[in-house]
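Visitor: Please see the structure below; I have some questions.
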Amino acid sequence: KLIKCLERRIADRSVLGLIRQWLTTTVVETDGKGGPLRRSHPKAGTPQGGVLSPLLANLYLHWLDVRFHRAEGPYHWANARLVRYADDFVILAESTGERVSRYVEDIVEKWMGLTVNRDKTRIVHLRDPKASLDFLGYTFRYDRSLYGRGPRYLNVIPSEKSMRRIRDKVRALTAPDRNCVPIPKMITELNQLGRSWKTLFQSWLYP
């Protein structure tokens, strides 16, 4: 099915042939410690970590977007919205979560031949007081103001996983085994890390 999707966009048969070879070629892996090489032959899907894998996955999942927005799709009968980044996506709908979830799972598994990760799939009623949603490094939840008064509003903050990741990187840069690193160099590294964090979460940070 992936090749058929590519054939709709790529006319050059030699390019399609190269992609077929890349999808079926032997994968050679190492443990990074000088151990023996491991060889495997992929039977389905794209090689994990392959440079083309994200692009091919995005091209294939485009057809999820197409089916979702067709006249018979939940975009129309549930007024639902699909937000997708590569193979991570969130569906926004009111009061029809179970039905929309079943519809999308059927498309992904029965029509596209993929597997839905049930551990990461859940229905969230975001207006519940303790409900929250993590997506693309952010946590979405409804909170009251700092004074505890007034209506609840949608609050968007870096997720706990994102916060933990940046703390781990800071600890790694300032670990005791890096005492030999000159202070100016360490400051430069920390500044670079801080700038990348600011760029990623610019919309959340106060000006």
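The values are calculated or read from the model by the stated rules, or taken from the named source; none is laboratory data. Please read all numbers here as calculations on a predicted model, not as lab measurements. When we count neighbours, we look across all protein chains shown, and the Cβ atoms used for this are built from the backbone with ideal geometry, even at glycine.
Visitor: For the range 150-185, how many residues meet the condition of being closer than 24 Å to Thr199 by Cβ and not hydrophobic (A, V, I, L, M, F, W, C)?
Guide: 15
Visitor: For the range 66-83, name all the residues that are in contact with a strand residue (DSSP E or B) (Cβ under 8 Å, 6 or more places away or on another chain) and under 20 Å from Cys5 (Cβ atoms).
Guide: Residues satisfying the conditions are Phe68, His69, Leu82.
Visitor: Pairs only if they're at least six apart or on different chains, beta carbon under 7 angstrom, first in the range 98-122 and without any contact (Cβ under 8 Å) to a residue 60 or more places away in the chain and surrounded by 10 or more Cβ atoms within 10 Å (Cβ to Cβ), second of a type in the set (Lys, Arg) and part of a helix (DSSP H, G or I); list them, first residue then second.
Guide: Ile107/Arg67
Visitor: Filter the range 30-79 for residues that are among the β-branched types (Val, Ile, Thr), loosely packed, with under 13 Cβ neighbours inside 10 Å and modelled with pLDDT under 75 and give the result.
Guide: Thr30, Val51
Visitor: Somewhere in the range 170-185, is a residue within 30 Å of Val104 (Cβ to Cβ) and outside the structural domain of Val90 (by TED's automatic domain parsing)?
Guide: Scanning the range 170-185 turns up no residue that is within 30 Å of Val104 (Cβ to Cβ) and outside the structural domain of Val90 (by TED's automatic domain parsing).
Visitor: Just to be sure, is His125 in a loop (DSSP other than H, G, I, E, B) and out of contact with any Cys (no Cβ under 6 Å at 6 or more places or on another chain)?
Guide: Criteria met by His125.
Visitor: May I ask you to verify whether Phe135 is without any contact (Cβ under 8 Å) to a residue 40 or more places away in the chain and among the aromatic types (Phe, Trp, Tyr)?
Guide: The answer is no for Phe135.
Visitor: Okay, moving on. Check the range 133-147 and report whether any residue there is part of a strand (DSSP E or B), surrounded by 14 or more Cβ atoms within 10 Å (Cβ to Cβ), among the basic types (Lys, Arg) and not assigned by TED's automatic domain parsing to the domain that holds Asp88.
Guide: Within the range 133-147, one or more residues are part of a strand (DSSP E or B), surrounded by 14 or more Cβ atoms within 10 Å (Cβ to Cβ), among the basic types (Lys, Arg) and not assigned by TED's automatic domain parsing to the domain that holds Asp88.
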